[in-house]
Amino acid sequence: MAMSQGSAPRAGPEDGAGTTAPAPAADPEDQLARLGRSWIWLLCAAMATLIPGILALVWPDVTLHVLAVLIGVYLLLTGVFQFVTAFGRSSDRVPGLIVAVLCVLGGVLCLRNPLQTIAALSLIVGAVWLVSGIVTLYTAIATKNMPHRGVVMAVAALGIVAGIVVLALPTESARALTRLLGLWLVLLGLAETAVALAWRSALRRAGVTGHDSPGPT
């Protein structure tokens with residue numbers, strides 16, 4: 001069963017007594033690759049986007065401080081999901097790792113008290129969405145054999161549009177920013193859910209595990 005970096009570990013040679021040596025511990029990189037290829041992992045990442053969006057829409061009077069914490073936690077979780085998902089790819093992992101680092105940095109900045117202003121939050125979230133959308137679109141274009149490539153490209157385009165809208169439209173209140181971010185988070189979460197379900201379909205067609213197919217974005 002081919003993995004992105006070498007094959008699965010095998011048991012050692014038999015000793016003179018006819019017993020088999022214990023199998024070595026699984027490589028952490030292989031474990032991350034297996035997790036990153038799981039459609040359930042991708043679905044969890046989509047929920048990490050969808051749930052904050054729903055909260056923002058049903059709680060429009062949230063304070064700017066709470067909104068900053070909500071967005072900060074969302075970006076940190078997205079960074080973790082992106083980091084693990086990057087190891088599930090059989091191709092270049094650098095774009096995914098760049099997005100992961102960018103999301104984590106954005107999350108840390110949102111959680112810092114001195115930066116909790118409407119303009120700062122808009123700038124951070126818009127920049128993260130714009131750059132991650134561009135990187136994801138590049139990866140989808142460069143990976144010719146990516147399953148459901150069109151769906152991934154559509155999600156990337158949605159992220160780019162979301163980043164541009166958040167950066168271009170000025171918001172004069174925390175309420176307006178909350179509604180704007182909540183709307184885009186819900187749209188992105190639904191799109192990412194579609195990617196997770198499409199990846200499940202691709203894995204089922206490739207076999208039970210689908211480890212020989214290219215990893216998702």
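The values are calculated or read from the model by the stated rules, or taken from the named source; none is laboratory data. What you see is a predicted model; the values in this text were computed from it and never measured. Note that each Cβ is placed from the backbone with ideal geometry, even for glycine, and that neighbours are counted across all protein chains shown. Accessible surface areas use protein heavy atoms only, side chains included; no ligands, DNA or RNA. Shrake-Rupley method; radii C 1.70, N 1.55, O 1.52, S 1.80 Å.
Summary of the geometry: segment 136-178 and segment 49-66, compared by the centres of their Cα atoms, lie 20 Å apart.
In terms of packing, defined here as the mean over residues of other Cβ atoms within 10 angstrom, the peptides 119-132, 167-180 line up highest first as 119-132, 167-180. If I model a spin label as a point 7 Å beyond the Cα along the Cα-Cβ vector, how far apart are those points for Ala142 and Val66 in nm? It is 4.2 nm. A crude spin-label estimate for the pair Ala120 and Arg200, with each label 7 Å from Cα along the Cβ direction, gives 4.0 nm. The accessible surface of segment 54-108, taken with every protein chain in place and a 1.4 Å probe, is 83 percent carbon and sulfur.
Pairwise Cα separations in segment 83-190 fall into 10 Å bins from 0 onward with the following percentages, short to long: 15, 43, 30, 11, 1. Computed over neighbours whose Cβ is under 12 Å from that of Val186, the net charge equals 0, Lys and Arg +1, Asp and Glu -1.
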